[in-house]
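One structure below.
Please treat every number below as a calculation from the coordinates, not as lab data. Here the structure is a predicted model, which means the values were calculated and not measured. Virtual Cβ from ideal backbone geometry, glycine too; neighbours counted across all protein chains shown.
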């Protein structure tokens, strides 16, 4: 996780939201990371993060078995084209019966948001980290373009 965090933290205009115990954020989010393009340093209220690192199961999102020791998941909004390039099929062609969401170090469709162009990796390692960093950069740049197109900072 440290390699990915280190790389993303170098992106221009990055805002990392990392709720900690005792913060005003929901307890389930404590210890997780949410990434936005937000050069003004303000957490956006009108859009979702373009990538997240999740360290535990959320409600209705248990398939990756993140409550087991040492497991975490990188989620990236890559859009339709990059989704198809990475996984070999379009988001609308997801066949959940063929996906082992608990598999590690492999690109998977996101268990909840795959149809919207999200991919994920449980415990990225040698087979996925390099491509994940490329996908994170592309997601960051796409978020930046959206913000700039809307006239935001």
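Quick look at the numbers
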{"quantity": "Test: residue 117 is within 12 Å of the chain's Cα centre (by Cα), on the phi > 0 side of the Ramachandran plot and in contact (Cβ under 8 Å) with a residue 40 or more places away in the chain", "calculated": "yes"}
{"quantity": "Of residues in the range 115-128 being crowded, with 16+ Cβ neighbours inside 10 Å and in contact with a helix residue (DSSP H, G or I) (Cβ under 7 Å, 6 or more places away or on another chain), the one nearest to residue 6 (Cα to Cα)", "calculated": "124"}
{"quantity": "Boolean, residue 134 is surrounded by fewer than 16 Cβ atoms within 10 Å (Cβ to Cβ) and under 19 Å from residue 35 (Cα atoms)", "calculated": "yes"}
{"quantity": "Qualifying residue in the range 72-86 (condition: under 20 Å from residue 12 (Cα atoms) and free of Cβ contacts under 8 Å to residues at least 24 places away in the same chain)", "calculated": "no"}
{"quantity": "Test: residue in the range 28-47 that is more than 17 Å from residue 140 (Cα to Cα), in contact with a helix residue (DSSP H, G or I) (Cβ under 7 Å, 6 or more places away or on another chain) and free of Cβ contacts under 8 Å to residues at least 40 places away in the same chain", "calculated": "no"}
